[in-house]
Amino acid sequence: MARVMAWNVMRIGNLGRMGVLWTLALLYSYLHLLFLYPRLRRSPYSVPQSRAAASDLKPASIVTGASSGIGKATAIALALQGFHVILAGRSLKRLREVVAEIKRKHKDVSVQALELDLCLVPSILSFVKTIQVLFEGENPPGKLQLLVNNAGILATSQRWTSDEFDCMMASNYLGPYMLTCQLLPLLYKNAPRARIVNVVSFTHRCVRSLQVDEGGLMQGTLQTSSYNGDWYSLARIYETSKLCMLLFSYELHRRLHSKEAPSQISVMAADPGAVASNILREMPHFLVGLSNLVLTLLTLLQSPTVGAASVVDAALAPWEISGKYYFGGRGLTCQSSQISYNRNLANELWEASAAVSERVMSRYGAN
Ligand SMILES: NC(=O)c1ccc[n+]([C@@H]2O[C@H](COP(=O)([O-])OP(=O)(O)OC[C@H]3O[C@@H](n4cnc5c(N)ncnc54)[C@H](OP(=O)(O)O)[C@@H]3O)[C@@H](O)[C@H]2O)c1
């Protein structure tokens, strides 16, 4: 099995895209930030959340994939800003260890762990139910006003969920899409102003075109350039899932901020850059070492805390800001790829995602 995975990664298509194209995409993002974008956009943080009046409920947030890496660093930063933070992930054991670690280091913070597997629709539904009970019950831990869709994987072999989604596509896009749609009514009800932050990636820049159809969405094979049926196109599927997340972020922003239906919910995309985390856990060790060495020599590899800065910037930006792409920390935003702003494509993706989601939700008696 391990051999098959290693072989999948080593196929020249995957290696070329990850080693060369992804590095170029990252360099391009920094160049864009530094030279091409006419004015660097810096946004200050919003009114410090922690200074809410004593009688007010704390602001509360959900961070998915908070058991390690960028999600864990984001959860800590938000807790220190005064949020009650719900750390969500597949392993309750790992999450509880992180909660204990945070409480040991920071005595006054308010954090809790909840199980969520974005590959499993019943897990998403049960998580949403728990959140509803928690925030609509008698002693809510705060006002839910922030959802950070951070969880994600880079899978090296094809695995299928019980609903026949490619696991990487389910973890990185379809699961977060369904979670967000399910939580929207509660976000509306619970807070006068709320925000959704979607963690995306510079690798989206490698996607030149997408052809949206429901089958391709479930399999992750939406890029129009060829897929080789013999091996898992992990690089393309990862990039595609991240572009889908970006198209979804902008489309949700447009739908929530149309003239007919103005809303107080803002939507942001945040790109952490290259971060030394567990994201490469399925890759052969020598390739992880090589990749870390090259990125370190190029001074592009960051710690999870530094990488999480763009996520925290997006989460804490003033309320009136929405539909932006945060990258580079220090409150900086820049432009994502041209295709990510394609409204027709975003609309097609939304419709296909809604159809897939509706079908699968009805299997579990939800809508
Ligand atoms: N590292 C980078 O260079 C980089 C660059 C750009 C974007 N990103 C994005 O940043 C996000 C965080 O990645 P990371 O680098 O911090 O990687 P990481 O250390 O591997 O963290 C990923 C987190 O996602 C969780 N997760 C994975 N699959 C899940 C599922 N099906 N349901 C719920 N939780 C799930 C994992 O939790 P458990 O395994 O405990 O469930 C883990 O907490 C990802 O979306 C990634 O695509 C990373």
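The values are calculated or read from the model by the stated rules, or taken from the named source; none is laboratory data. In this text the structure is predicted, and so the values were computed from the model without any measurement. Backbone-built Cβ (ideal geometry, glycine too); neighbour counts: all protein chains shown. Accessible surface areas use protein heavy atoms only, side chains included; no ligands, DNA or RNA. Shrake-Rupley method; radii C 1.70, N 1.55, O 1.52, S 1.80 Å.
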TODO: Pull up the stretch 129-154, narrow it to residues that are under 19 Å from Gly69 (Cα atoms) and part of a loop (DSSP other than H, G, I, E, B), then point me to the one that is farthest from the ligand (Cβ to nearest atom).
DONE: Leu154
Open item on the list: Tell me the residue from Ser157, Ser126 that is more than 10 Å from the ligand (Cβ to nearest atom), within 29 Å of Tyr238 (Cα to Cα), over 17 Å from the mean Cα position of the chain (by Cα) and part of a helix (DSSP H, G or I), please.
Closed with: Ser126
Task: Matching residues, the stretch 169-219, being of a type in the set (Gly, Ala, Ser) and not in a helix (DSSP H, G or I) - done: Ala191, Ala194, Ser201, Ser209
Task: Residues (modelled with pLDDT under 95, away from the ligand (no atom under 14 Å from the Cβ) and among the acidic types (Asp, Glu)) located in the stretch 233-282 - done: Glu260
Task: Test result for Glu164, touching a residue at least 40 places away in the same chain (Cβ under 8 Å), under 23 Å from Gly365 (Cβ atoms), out of contact with any Cys (no Cβ under 7 Å at 6 or more places or on another chain) and not basic (Lys, Arg) - done: yes
TODO: Looking for whichever is within 28 Å of Glu164 (Cα to Cα), in a loop (DSSP other than H, G, I, E, B) and either at pLDDT 95 or above or open to solvent by 30 Å² or more (accessible area, probe 1.4 Å) (or both) here; the options are Leu95, Leu118, Leu114, Leu87. Which one fits?
DONE: Leu118
Task: Top-ranked residue of the stretch 98-111 - restricted to ones that are assigned to a helix (DSSP H, G or I) and open to solvent by less than 30 Å² (accessible area, probe 1.4 Å), ranked as nearest to the ligand (Cβ to nearest atom) - done: Val98
Open item on the list: Of the conditions (1) at pLDDT 95 or above; (2) open to solvent by less than 40 Å² (accessible area, probe 1.4 Å); (3) under 24 Å from Val63 (Cβ atoms), Leu300 satisfies every one except a single condition; which number is it?
Closed with: (3)
Task: Residue tally, condition at pLDDT 95 or above and within 15 Å of Asn198 (Cα to Cα), over the stretch 328-345 - done: 2
